[in-house]
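What follows is a single structure, written as structure tokens, with notes after it.
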Amino acid sequence: MLSTALLNGCAATSALTDFYQPKSHDDLYLRGGFTWWEADEAFKVEESADNVYSVKTELIADGQPYEFRFVDKDWTEGSNCGYLDKSNQIIEVNVPANTNCNSTNENFRFTPPSSGLYEFSIDFTDEDNPLTLVKKVN
């Protein structure tokens, strides 16, 4: 009787684990003016830490902002990540910005302070409140 209860308990735990699988976001691309808004394989994100997805690219500091967002190939609802509210539209180096993955036209803007290699990342540690971050790579 006890062994049956234990086996049933394990089965329930297994079913729960099978039901809840953390969402992967490795189908996202960094899309913007620098990719002509295309899903370019060179700009496909990779998981760089637990639930953090990033991609690196060279930028030129010409005083003009780069508009961008994280989106899958098909612009799918729930995978179309732009700024959460207007106060998060302008991205500064090393300052996380609140992100909305159900957005439509809320593109981030980033004006690099100097030319060089930058890492763009989106952090889904809190799935309901993702954060976007841009940092310069040394």
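Out of the residues in region 74-91 that are assigned to a loop (DSSP other than H, G, I, E, B) and touching a residue at least 24 places away in the same chain (Cβ under 8 Å), state the one that is farthest from Asn129 (Cα to Cα). Taking the candidates together, the pick is Glu77. Filtering region 36-65 to residues that are over 27 Å from Asp128 (Cα atoms) and touching a Lys or Arg at 6+ places or on another chain (Cβ under 7 Å) leaves only Pro65. Among the residues of region 109-138, those identified as polar (S, T, N, Q), in contact (Cβ under 8 Å) with a residue 12 or more places away in the chain and exposed (fewer than 14 other Cβ atoms within 10 Å of the Cβ) are Ser114, Ser115, Thr125, Asn129.
Whenever a residue of region 95-108 is in a strand (DSSP E or B), its partners that are of a type in the set (S, T, N, Q), lying with C-beta atoms within less than 6 angstrom and at least six residues away or across chains, give the pairs Ala97/Asn88; Ala97/Thr132; Asn98/Asn88; Thr99/Thr132. Residue count for region 73-93 under the criterion of being among the small types (Gly, Ala, Ser), surrounded by 11 or more Cβ atoms within 10 Å (Cβ to Cβ) and more than 13 Å from His25 (Cα to Cα): the result is 1. All of (1) more than 15 Å from the chain's Cα centre (by Cα); (2) of a type outside the set (S, T, N, Q); (3) crowded, with 16+ Cβ neighbours inside 10 Å hold for Ala42 with one exception: (3). Taking region 29-39 as the range and being among the hydroxyl-bearing types (Ser, Thr, Tyr) and either in contact (Cβ under 8 Å) with a residue 12 or more places away in the chain or crowded, with 20+ Cβ neighbours inside 10 Å (or both) as the test, only Tyr29 passes.
For region 58-73, state whether one or more residues are assigned to a loop (DSSP other than H, G, I, E, B) and farther than 15 Å from Gly33 by Cα.
Looking through region 58-73, at least one residue is assigned to a loop (DSSP other than H, G, I, E, B) and farther than 15 Å from Gly33 by Cα.
Any read-out appearing in this document is the output of simple, stated calculations on the displayed coordinates, not a laboratory observation. All values reported here derive from a predicted model rather than from experimental measurement. When we count neighbours, we look across all protein chains shown, and the Cβ atoms used for this are built from the backbone with ideal geometry, even at glycine.
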